[in-house]
Each structure stands twice: as C-alpha cells, then as structure tokens.
Amino acid sequence: MPRPPKICNVRPSGVITLLTDFGLADFFVGAMKGVILSIHREAVIVDLTHLIPPQDIYAAALTLADSYATFPEGTIHVAVVDPGVGSERRAVLIETARYFFLGPDNGLFTLVLEDEAPRRTIHITAERFFRHPVSRTFHGRDVFAPVAAWLSRGVDPSTFGPEIADLVRLPIPRVERLGEKRWCGQVIHVDRFGNLITNVMAREIPVEALRVGGKIFVNGHEVSALRTHYQEAAPGELFALIGSTGRVEISIRQGSAATTLGVGRGARVEILLP
C-alpha cells in the first residue's frame with residue numbers, strides 16, 4: 001500500500017458514507033467496508049442506503065442531495081450507482097467548501113452541486129491507490145473505497161489525478177410558472193410509503209394562499225387540501241403537505257398515493273391559487 005503523501009487543506013472528518021444500488025443480499029457492501037478498514041481502521045463508515053433502485057442515477061442524486069448536509073463538515077460521501085462501470089466514464093472526486101464526494105461521473109452529483117459549489121474536481125487516475133487487480137465490474141470496491149480511505153487519512157485530492165471542469169450533469173425537471181396563480185411541476189420520487197414527492201419547493205409558492213383555497217392536481221386527480229401533518233388528514237384522504245426536505249408531497253393517510261392514483265415519477269403536478 002502507498003504511504004499517504006501531501007495533506008489536504010480541508011481536513012476530512014474521518015466519516016465515510018456509502019450510497020449504492022447494491023442491495024443487502026450480496027457481498028458488495030461488506031467488501032467495500034473491508035477495503036476501507038484495511039487502509040484506515042479508525043474510519044467511521046455510515047450506510048446512507050444500499051436500496052436505490054438498480055441503475056437509477058436520478059434517485060441516487062436526489063437521495064444524496066437530501067441527506068449529505070446532515071453530516072459533519074469534512075465527511076467523505078461515496079456514491080456508487082454506476083451503469084457505466086468498466087466503460088470510459090470517469091471516476092471523480094469533488095471537493096467543496098464543506099464536503100468530499102466520490103463516484104462515477106454520470107450526473108449523480110448534479111443536485112448536490114446546486115448547493116455545494118466545487119472548489120476542485122479531480123479525475124481519479126492514480127492507480128497506485130486502487131485495489132488490484134481492478135475489476136471491470138466493481139469499481140466501488142477497487143477504486144472508490146480505497147480512494148475514500150486514503151482521502152480520509154489525509155491524502156490531498158490533487159494526488160489522485162488531474163483537475164477537470166466538465167462534469168456530466170443530469171437534466172433536472174424545473175417548476176414552470178404558467179401564470180400569476182398557476183404553477184406546473186412533477187413527481188420526482190415515490191418513497192416507500194407511496195408518498196409522491198414533487199419538485200415544487202415551498203419557497204417557490206405562496207404556501208398560505210395555497211392552504212386557504214388553492215388546488216393541487218396530480219395527473220388530473222384533485223388533492224383535497226394542504227395539511228400541516230399526517231394526523232390532520234382524515235383516514236383515506238388524498239392531501240398535500242410540505243415534507244421534511246421542503247418539497248410539496250402528495251399523500252394518502254393510511255394508504256399509498258402512488259398505488260391509489262396509479263402514478264409515479266414524472267407525473268404532472270398543477271398548483272392553482274384562488
């Protein structure tokens with residue numbers, strides 16, 4: 001194993017998070033942790049989730065964006081949802097003012113970088129920090145885990161490769177304002193309870209006006225009201241609320257809005273004010 005050379009300007013906290021679509025039935029996640037601990041036994045490894053739908057880069061981007069900032073500054077976030085593993089897609093390390101992000105350059109960090117401006121972005125090419133032999137199908141274990149571990153020990157990001165400035169970005173659906181009192185958005189996520197998470201942020205609309213007479217439609221289905229919490233709704237009621245991430249969510253108390261309405265990601269959401 002190489003010895004850590006130059007030390008980072010922004011000190012890693014020693015906390016490494018893992019977000020993947022690997023699931024929990026196979027050896028993949030455990031192997032990544034084993035590689036990290038073989039290099040840095042004092043690393044604190046936190047599982048964000050390993051249940052991202054297979055190859056769903058957008059779901060991974062949203063999950064990471066909604067969770068990364070709950071961790072202490074200096075945390076190293078490793079995200080591996082990588083349909084292009086083994087191809088010419090780049091492995092990248094992104095340093096912001098507060099965090100580090102490692103993963104494939106496939107748009108996974110698009111939403112994070114809307115709030116965290118990159119100070120430098122590195123194309124990871126320094127193979128001496130990899131686990132060998134490098135599998136063409138498991139860069140999570142052989143590239144991202146060891147680089148994260150060496151980074152957590154203080155290796156400067158520039159040691160891992162050259163700087164780049166052309167990260168891949170996902171096309172992100174935006175809320176459209178169609179008139180003085182009309183907005184159009186869409187469902188961007190369905191959580192495990194069947195709640196429909198929209199791309200409409202509470203800061204983008206006059207919430208109080210919506211609460212006292214506005215209307216919300218999801219694929220033509222009218223939502224009864226904007227509630228403040230779940231218990232405020234009647235059993236079986238289709239309602240909206242402002243969720244923990246500040247987004248408008250559509251729910252059914254004691255039921256699944258996604259199943260009941262037969263809608264999912266991409267469904268049209270209209271908001272009308274009185």
Subject >> Segments 143-156, 170-183 sorted - mean Cβ within 10 Å per residue, highest first >> reply: 143-156, 170-183
**OP:** Taking every Cα atom in the stretch 92-167, find the radius of gyration and the maximum pairwise distance Dmax, and write them in Å.
**Re:** 12.0, 36
Subject >> In order through the stretch 88-98: 3J(HN,Hα) via Karplus (6.51 cos²θ - 1.76 cosθ + 1.60), integer Hz, x for Gly, Pro >> reply: 7, 4, 8, 8, 10, 10, 10, 10, 10, 5, 10
Original post:
Regarding the chain, what is the average projected area of its C-alpha convex hull, in nm²?
Top reply: 15.6
Original post:
Relative to the Cα centre, what is the charge dipole magnitude of the stretch 13-84, using +1 at the beta carbon of each Lys and Arg, -1 at the beta carbon of each Asp and Glu, and rounding to the nearest 20 debye?
Top reply: 200
**OP:** Can you tell me the relative contact order of the chain? Whole percent, Cα pairs under 8 Å, sequence separation 6 or more.
**Re:** 17
Original post:
So if R0 is 22 Å, what FRET efficiency would Leu178 and Arg253 give, r being the distance between their Cβ atoms, rounded to the nearest 0.05?
Top reply: 0.15
Subject >> Backbone N under 15 Å from the Thr245 label point (7 Å along Cα→Cβ), restricted to the stretch 109-131 >> reply: 109-116
Original post:
Do the sum for the chain: with -39,500 (n - 2.57) for every DSSP H run of n ≥ 4, divided by all residues, what is the mean residue ellipticity at 222 nm, to the nearest 500 deg cm²/dmol?
Top reply: -4000 deg cm²/dmol
Original post:
So what is log10(I(q)/I(0)) for the stretch 125-274 at q = 0.14, 0.19 1/Å, when the Debye sum runs over its Cα atoms only?
Top reply: -0.71, -1.00
**OP:** Between beta-carbons, use under 11 Å as the cut-off and find the net charge around Asn106, counting Lys and Arg +1, Asp and Glu -1.
**Re:** +1
Original post:
In what sequence, highest mean first, do 112-123, 89-100, 71-82 appear when ranked by Cβ atoms within 10 angstrom?
Top reply: 71-82, 89-100, 112-123
**OP:** Could you tell me what percent of the accessible area of the chain is made up of carbon and sulfur, with a 1.4 Å probe and every protein chain present?
**Re:** 50
Original post:
Size of the dipole of the stretch 43-117 about the Cα centre, Lys and Arg at +1 and Asp and Glu at -1 on the beta carbon, nothing else charged, in debye to 20?
Top reply: 140
Original post:
Sorted by mean Cβ packing within 10 Å, highest first, what order do the peptides 261-268, 32-39, 229-236 take?
Top reply: 32-39, 261-268, 229-236
Original post:
By how many nm would the segment from Arg128 to Arg169 grow when fully extended, if each residue of separation counts as 0.36 nm and the alpha-carbon distance is taken off?
Top reply: 11.9 nm
**OP:** Could you state the accessible area per residue of the stretch 123-182 in Å², with a 1.4 Å probe and every protein chain left in place?
**Re:** 53
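The values are calculated or read from the model by the stated rules, or taken from the named source; none is laboratory data. Note that the coordinates shown come from a computational prediction; the quantities given were computed from them, not determined experimentally. All Cβ positions, even for glycine, are placed from backbone atoms using ideal geometry, and neighbour counts span all protein chains on display. Heads up: the accessible areas ignore ligands, DNA and RNA and are worked out on the full protein's heavy atoms, side chains in. Shrake-Rupley method; radii C 1.70, N 1.55, O 1.52, S 1.80 Å.
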